[in-house]
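Engineer: Please see the structure below; I have some questions.
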Amino acid sequence: MRIAVIGGGISGMLSWYLLQQEHQVTLFEANDYLGGHTATVEVEVAGQSYAIDTGFIVFNDWTYPVFNKFIGELGVEKLDTEMSFSVKNLKQNLEYNGNTFASLFAQKRNILRPSFWRMLADIVRFNKLGKQLVAADHPDLDLKLGEFLQKYKFGKGMRDNYLLPMGAAIWSAGLTEMPSFPVRFFLRFFNNHGLLNLADRPQWAVIKGGSKRYVDALLNKVGTHNLRLSQQISSVVRNEQGVIIHFANGTTEQFDKVVFACHSDQALALLGNNATTDEQTILGAIAYQQNEVVLHTDTRLLPQRRAAWASWNYNLDATERSRATLTYNMNILQRLQAPVTFCVTLNNSTAIATDKILGSYRYAHPVYNMMTMAAQLKRNLINGQNHSYFCGAYWYNGFHEDGARSAVDVAAMFGIQY
Ligand SMILES: Cc1cc2nc3c(=O)[nH]c(=O)nc-3n(C[C@H](O)[C@H](O)[C@H](O)COP(=O)(O)OP(=O)(O)OC[C@H]3O[C@@H](n4cnc5c(N)ncnc54)[C@H](O)[C@@H]3O)c2cc1C
């Protein structure tokens, strides 16, 4: 069969890799590089070159089985990393890094602050309760996060200085959006990732030398003859024979099947008026939100106290509330030895000194609410219909493994197991 894959992120790359075992598959990517959110940038500082990840950075040994298998086959090396989380809230003169006992009290006055101890006690209670409710598949899992926190009387400190920023950081979501998160989705993710445990957590890792290394390894393995970069596809039309891809330059190409490995809203836009009612309802219910991402070396975006610097640093002082405002410390995450601290900041560009900016990017992330969850459950109504298949991280939790998993699902529909 001749198959077109639209989109060269992890979902598209893995679909391409798996389907070409038995079919003639062409991968179309709008960007001039392969990888989508796997976007490593080469920068030079003091005559030395560094490969910094600006999109996909980390994965772990518990919840990324497909991705680990894939990079294992490609022979790519990974590097263990630290996953720590800090919060800076200057309005309340508060900062902490939850990594160790010492970093929790990097700001000494936290020891004497009753509200800080209340927050810690609430975190312990939340973790215990969360595990119990997940184990019992309790009906309260159907609540929204905001309702849940209110029902179980969790304090404002734990909510505003820990749980909402942590969720916002994980899902690149806004603080304003977090109270609408479905509790089932939130707690299941926290439980699966060991976030409800004090110890017993997964080992997190990065790709040694930058995430792009696995994309390079894939190209070394499969070649570039069926890869088409910088392809502006304007629409996709289906008929009884198969699929016609229309390009922005007016040309068309015919395929037997199409795999949409772009985001739900992008797939729907490509189908336009030709989308079926189910496609409109299901894809239309899973929205994406843009994130403005800046690579820079301005350490003022990190906590004031160096001991509170974590790999993920949430800044509650930013005026932006509807999108996540955090800074990844890339020297910690990628274990870089450099004369500067490389930072990747989301949605807080005006706070960064312009002379310290190395690059700016935009990456969209799925929005998670009750509508998204309901739509995810209806994937089978559109997948495999009208010669069309849909994959992307949006079918699950929105992470790299989810993109990979959704590609494996599509391959299975073609009888290819992974
Ligand atoms: C800032 C940020 C950091 C993240 N960090 C992590 C992390 O550390 N770990 C993790 O597991 N997840 C992380 N994620 C989640 C990450 O986005 C997903 O893991 C995953 O990479 C998404 O893969 P995808 O294939 O679904 O989409 P994408 O990687 O976005 O790929 C979709 C591709 O489709 C292409 N495309 C769209 N329309 C067309 C068209 N018409 N024609 C041709 N091509 C088209 C796009 O150009 C793009 O390349 C992060 C997300 C964000 C926003």
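Engineer: Does LYS153 satisfy being charged (D, E, K, R) and at positive phi? Spell out how you get there, then give the answer.
Structural biologist: Numbers: charged (D, E, K, R): yes; at positive phi: yes.
Taking the combined requirement at face value, the residue satisfies it.
Engineer: Oh, and also: For segment 37-60, give me the residue count where each residue is free of Cβ contacts under 8 Å to residues at least 60 places away in the same chain and among the small types (Gly, Ala, Ser).
Structural biologist: Selection size over segment 37-60: 2.
Engineer: Specify the residue that is surrounded by the most Cβ atoms within 10 Å (Cβ to Cβ); the eligible residues are those in segment 93-104 that are without any contact (Cβ under 8 Å) to a residue 40 or more places away in the chain and closer than 24 Å to GLN203 by Cα.
Structural biologist: It comes out as LEU104.
Engineer: Related question: Is segment 129-147 home to any residue that is under 26 Å from ALA310 (Cβ atoms), in contact (Cβ under 8 Å) with a residue 40 or more places away in the chain and exposed (fewer than 13 other Cβ atoms within 10 Å of the Cβ)?
Structural biologist: No, segment 129-147 contains no residue that is under 26 Å from ALA310 (Cβ atoms), in contact (Cβ under 8 Å) with a residue 40 or more places away in the chain and exposed (fewer than 13 other Cβ atoms within 10 Å of the Cβ).
Engineer: Could you please find all residues in segment 386-414 being aliphatic (A, V, I, L, M) and closer than 20 Å to PHE59 by Cα?
Structural biologist: The first filter runs over segment 386-414 and keeps only residues aliphatic (A, V, I, L, M), leaving 393, 404, 407-408, 410-413.
The answer is ALA393, ALA404, ALA407, VAL408.
Engineer: Looking at segment 36-63 only, could you name the residues that are more than 7 Å from the ligand (Cβ to nearest atom) and assigned to a loop (DSSP other than H, G, I, E, B)?
Structural biologist: Taking segment 36-63 as the starting set, the residues that turn out to be more than 7 Å from the ligand (Cβ to nearest atom) are 39-54, 60-63.
Matches in segment 36-63: ALA39, ALA46, GLY47, THR54, ASP61, TRP62, THR63.
Engineer: Let me ask something additional. Any residue in segment 127-145 that is part of a strand (DSSP E or B) and closer than 30 Å to LEU18 by Cα? Give the derivation first.
Structural biologist: First, the residues of segment 127-145 that are part of a strand (DSSP E or B): 144.
If we keep only those that are closer than 30 Å to LEU18 by Cα as well, we get none.
No, segment 127-145 has no match at all.
Engineer: Return only the number of the condition from (1) surrounded by fewer than 20 Cβ atoms within 10 Å (Cβ to Cβ); (2) in contact with a Pro (Cβ under 8 Å, 6 or more places away or on another chain) that LEU164 does not satisfy.
Structural biologist: (1)
Engineer: Scanning segment 252-279 for residues that are within 24 Å of the chain's Cα centre (by Cα) and polar (S, T, N, Q), which turns out nearest to the ligand (Cβ to nearest atom)?
Structural biologist: This residue is GLN266.
Engineer: Which is within 18 Å of LEU94 (Cα to Cα) and in contact (Cβ under 8 Å) with a residue 40 or more places away in the chain, of ALA310, ALA338, ALA324?
Structural biologist: ALA310
Engineer: Also: Search segment 64-83 for residues being within 12 Å of the ligand (Cβ to nearest atom) and assigned to a loop (DSSP other than H, G, I, E, B), and hand back the single one that is farthest from LEU219 (Cα to Cα).
Structural biologist: MET83
Engineer: Residue check: is ASP122 on the phi < 0 side of the Ramachandran plot, at pLDDT 95 or above and either within 23 Å of the chain's Cα centre (by Cα) or more than 16 Å from the ligand (Cβ to nearest atom) (or both)?
Structural biologist: Values: on the phi < 0 side of the Ramachandran plot: yes; at pLDDT 95 or above: yes; either within 23 Å of the chain's Cα centre (by Cα) or more than 16 Å from the ligand (Cβ to nearest atom) (or both): yes.
When the stated conditions are applied, ASP122 passes them.
Engineer: Quick one: is VAL344 within 13 Å of the ligand (Cβ to nearest atom) and either more than 30 Å from ASN386 (Cα to Cα) or in a loop (DSSP other than H, G, I, E, B) (or both)? Spell out the reasoning first.
Structural biologist: Working: within 13 Å of the ligand (Cβ to nearest atom): yes; either more than 30 Å from ASN386 (Cα to Cα) or in a loop (DSSP other than H, G, I, E, B) (or both): yes.
Judged against the criteria, VAL344 is a match.
Engineer: Here is a follow-up. Out of curiosity, is TYR17 in contact (Cβ under 8 Å) with a residue 40 or more places away in the chain, of a type in the set (Phe, Trp, Tyr) and over 25 Å from HIS400 (Cα atoms)?
Structural biologist: Considered against the rule, which asks whether it is in contact (Cβ under 8 Å) with a residue 40 or more places away in the chain, of a type in the set (Phe, Trp, Tyr) and over 25 Å from HIS400 (Cα atoms), TYR17 comes out as no.
The values are calculated or read from the model by the stated rules, or taken from the named source; none is laboratory data. Quick caveat, the model's predicted, so the values are computed rather than measured. Neighbour counts run over all protein chains shown; Cβ positions are idealised from the backbone, glycine included.
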